Amino acid sequence: MGNCVKHPAISVSLTGQDGNIFNLMGIVVRALRTNGFGDEVDDFVSEVTSSKSYHEALAVMMQWVNVN
């Protein structure tokens, strides 16, 4: 997938947030829903939860939205 972000118009700030992966995933889920992509939330959650590590899960989030 490279540097291609699925939803480049959506930006989330994860810096300074509770680093729990479920908290971070919730931030992205809310951003997806708020921006009209609620129908893609299940796919996003599936990708994150099937990640084999914390860093891989973060990388998945960065493939879906812009992370600041």
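The values are calculated or read from the model by the stated rules, or taken from the named source; none is laboratory data. Every value quoted in this text rests on a predicted model; they were computed, and no experiment measured them. Only protein heavy atoms, including side chains, enter the accessible area calculation; ligands, DNA and RNA are left aside. Shrake-Rupley method; radii C 1.70, N 1.55, O 1.52, S 1.80 Å.
Relative contact order of the chain: 52 percent, from C-alpha pairs under 8 Å at least 6 residues apart in sequence. Would you kindly calculate the translational diffusion coefficient of the chain, applying Stokes-Einstein with the Kirkwood radius from alpha carbon pairs, for 37 °C and a viscosity of 0.692 mPa s, and quote it in µm² s⁻¹ without decimals? Using the Kirkwood radius from Cα pairs, D works out to 277 µm²/s. Mean residue ellipticity, 222 nm, helices only, the chain: the sum of -39500 (n - 2.57) across DSSP H runs of n ≥ 4, divided by residue count and rounded to 500, is -15500 deg cm²/dmol. Per atom type, the chain shows carbon and sulfur on 51% of its accessible surface, probed at 1.4 Å.
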